[in-house]
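One structure below.
The values are calculated or read from the model by the stated rules, or taken from the named source; none is laboratory data. All figures in this text were calculated on a predicted structure; none of them were measured in a lab. Ideal geometry is used to build each Cβ from the backbone, glycine not excepted, and the neighbour counts take in all protein chains shown. Accessible surface is based on the protein model in full, side chains and every heavy atom, while ligands, DNA and RNA are left aside. Shrake-Rupley method; radii C 1.70, N 1.55, O 1.52, S 1.80 Å.
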Amino acid sequence: MSLNTTPNPVSGSPSLPSRLISAVLGGGFAYLATSYFAAGNLAYIVAALVALVGLIAPKWLLLPIAGILVPTYKLGKYLTKEAYSGIFRGIINFLIGLPSAIAASVATATYVGWAHNLSLLVWFPAACVAFLVTLFILAPAAFLYILKPTGDGLEKLWNKTRDIAKKYAKPFFQGVVDLVRNLPGSGKLWAWVENKEKGAQWVDGFVGFVTAIGVLALTSGTAYAVFHFVEPHAALVATGWLVTGLTWFAAGVAAIAVVGVLFQLLDKGELPFAATALTAGGVYSLLPISQALGFGLPVTIAVAVAEFVIGLAYVYPAVHGLLKSGLIKTIIEGVRKLVEKTYDEKDVDFKKFFAGLVTPVCALISGGLAFWALAFYGLPLILIAPVALLVGFISYVGVGEAFDDFPTTVGVGGVLSLATGFGLWYFFDGLVSAWIFWPAVVVAVAFTFSVLLTSLYLGFRYITIGIAKPVGGTLDSIHTAAYKATRDLTKWWDDKVIDKAYTTTHNTKEDNYSKGALHVFNLAVLGLGVLNALPLVNGWNGLPFWLTTSLLALSGALVYLLVGRILLSAGTIAIGFAVAIGTFASGTWALYLLAPEQWWLAAVVSASVTSAIFYVVTPAVLMQRFRKILLANGVSWSLVEQFADCKGG
């Protein structure tokens, strides 16, 4: 009897290949699924039974699959049609859904394949299913049933807020202003603020702009608060990236709602709302002071109410009125003149006089800082004193020379203004809200630079203008003489020491000396490296001592030859760089261990010492002491070079 493999068109009986495919796929996936929960014979038995069902009645295997796939397909088709219909909405949703689908597939593959250690036959289909389900079901469903209703709700909220603001916002806030303006003297202040015919009308727009910035700041704070409130609660119902998604969604919705409502109130409430909002913001910024004074809740509330009434009745209209009047223009013009007369000094004699006074002050400050830094690390006075004097002298010469090209007043004003800002941050940060503190710091720095220092400078100039020419000339002569002597000394040092110590002159005796110095330095570094590496490689991976030592010696020889070639190409300046880098690294680390909180001081001190070693100590050693020691021992540089180059004797 022959087995007919052709399907019956009437009965729809599956062909033999279809039965075999159903049996293999059904049995294989049944084994994979069962083996995850119950390994051993049970997995084989379940797989055999499913394969037998697939061979005899493959439709029975297709029924549960069809029962899942068909409704899922229809659901995806419906959601996709609703969510992706329309060009603009379809593109936006697809751009959101596609990255989400990719992320879901990657997360699924990682979870199934990595976390549960399942094979490619499991995690790859699971990742594909996650991609399709997310792109065609979850993402459209999220848009249709979460994002779209939320957007519609926010739109209704905005429309309702606009209607309420249009009808009630301005009358309400105007009523608040009218209530406080009945206080003595407040009415006149507000009458000038609300006068549309006199004064600068741009102030109203400026107030609206400042209020809008405050609205954005409040929106950011609201989003931040909602994010941190929702995050722990979202972790109770979700895990991983879902927590992040839920928290960001909640924060975004809250921010959009707040910014929409407040901007509607600002648009319709106009100046009364802006004045009320700015006053309320100022009261909120002063709350830390009440808390620092230890006030209880009732007293804090009473103080806040009093601050709000006083602020809206007197402080705000007074500030607004000053901006609106011509006084602000007069102030700006006066500040401009102060800045021009101070930072664009035209009198050459007084410029020399002022620079001559500032330069030694800078030298004293630099020397004092050097003294403090070295004393901080407990160095002896016999070392601290000469170093501090040297630093002060270098500062005197360098700063004075810099002031010949750069305006002294600008440098002094910039440094003192920045110092003012640093002092305010150091002593007063945290006493008031950051929204008030940092703008106040900026205003203080600007005031110091443009008003305080300029007034002090012009007052000092008025008093000392009579002695500026003779005293300034004397101070300039002293500095010029010091600078010339220093320049001659440094030029001699560059020509006689640094250029010879850090320069290889070929085909001369100095060339042989330079090469010999490089080879000896290479040997010294190699020796230190071997001594430090020998205890580490002893018994490495169970190898005997003689073998690890031999390997270390061979490696050392190869490194010596390679580094020697590099050093010969670079010249003796490589010694200077190597010593400087080693000094900076070891010095910074040693000082950091003494005082970790002063890490910046460790870096500054080490950098200063490194500069002295690179420009003074190392060239002096290379040119004098090192040369004398080696020449006294009769070292032949040609033989050393031949050895390093492996040329033989």
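What the table shows:
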item: Near pairs, Cβ below 7 angstrom, 6+ apart or cross-chain, from region 102-115 (free of Cβ contacts under 8 Å to residues at least 60 places away in the same chain) to any residue that is surrounded by 15 or more Cβ atoms within 10 Å (Cβ to Cβ) and not in a helix (DSSP H, G or I); result: 112/118
item: Flag for residue 416 being open to solvent by 40 Å² or more (accessible area, probe 1.4 Å), touching a residue at least 24 places away in the same chain (Cβ under 8 Å), out of contact with any Gly (no Cβ under 7 Å at 6 or more places or on another chain) and not in a helix (DSSP H, G or I); result: no
item: Number of positions in region 182-202 that are in a loop (DSSP other than H, G, I, E, B), under 15 Å from residue 327 (Cβ atoms) and touching a residue at least 12 places away in the same chain (Cβ under 8 Å); result: 2
item: Total residues in region 45-58, condition at pLDDT below 70 and either under 52 Å from the mean Cα position of the chain (by Cα) or loosely packed, with under 15 Cβ neighbours inside 10 Å (or both); result: 1
item: Neighbours by Cβ (under 6 Å, 6+ apart or cross-chain): first from region 278-302, at pLDDT 75 or above; second of a type in the set (D, E, K, R); result: 283/307
item: Residue 445 at pLDDT 90 or above, under 42 Å from the mean Cα position of the chain (by Cα) and open to solvent by less than 70 Å² (accessible area, probe 1.4 Å); result: yes
item: Qualifying positions in region 558-595 - of a type in the set (Phe, Trp, Tyr) and over 19 Å from residue 527 (Cβ atoms); result: 577, 584, 589, 592
item: Residue match in region 338-346 (condition: open to solvent by 70 Å² or more (accessible area, probe 1.4 Å), within 33 Å of the chain's Cα centre (by Cα) and not acidic (Asp, Glu)); result: no
item: Residues (aromatic (Phe, Trp, Tyr) and either surrounded by 16 or more Cβ atoms within 10 Å (Cβ to Cβ) or in contact with a Phe, Trp or Tyr (Cβ under 8 Å, 6 or more places away or on another chain) (or both)) located in region 456-466; result: 457
item: Pairs where the first residue, in region 419-442, is surrounded by 12 or more Cβ atoms within 10 Å (Cβ to Cβ) and the second is part of a loop (DSSP other than H, G, I, E, B) and of a type in the set (Asp, Glu), C-beta under 8 Å, 6+ apart; result: 437/429
item: Helices (runs of 4 or more DSSP H) within region 239-334 that include 1 or more residues open to solvent by 40 Å² or more (accessible area, probe 1.4 Å), of a type outside the set (A, V, I, L, M) and touching a Lys or Arg at 6+ places or on another chain (Cβ under 8 Å); result: 241-285
item: Top-ranked residue of region 373-412 - restricted to ones that are under 25 Å from residue 456 (Cα atoms) and not in a helix (DSSP H, G or I), ranked as least open to solvent (accessible area, probe 1.4 Å); result: 407
item: Any hit, region 582-597, residues being open to solvent by 80 Å² or more (accessible area, probe 1.4 Å), in a helix (DSSP H, G or I), under 14 Å from residue 374 (Cα atoms) and among the hydrophobic types (A, V, I, L, M, F, W, C); result: yes
item: Test: residue in region 353-360 that is among the aliphatic types (A, V, I, L, M), out of contact with any helix residue (DSSP H, G or I) (no Cβ under 8 Å at 6 or more places or on another chain), assigned to a helix (DSSP H, G or I) and surrounded by fewer than 20 Cβ atoms within 10 Å (Cβ to Cβ); result: no
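This table checks each residue for (1) open to solvent by less than 50 Å² (accessible area, probe 1.4 Å); (2) without any contact (Cβ under 8 Å) to a residue 60 or more places away in the chain.
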| site | (1), (2) |
| --- | --- |
| 129 | no, yes |
| 139 | yes, yes |
| 149 | no, yes |
| 155 | no, yes |
| 158 | no, no |
| 175 | yes, yes |
| 224 | no, yes |
| 233 | no, yes |
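Quick grid of which residues meet (1) within 44 Å of the chain's Cα centre (by Cα); (2) modelled with pLDDT of 90 or more; (3) surrounded by 15 or more Cβ atoms within 10 Å (Cβ to Cβ); (4) assigned to a helix (DSSP H, G or I):
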| site | (1), (2), (3), (4) |
| --- | --- |
| 451 | yes, yes, yes, yes |
| 454 | yes, yes, yes, yes |
| 484 | no, yes, no, yes |
| 500 | no, no, yes, yes |
| 503 | yes, no, no, no |
| 513 | no, no, yes, yes |
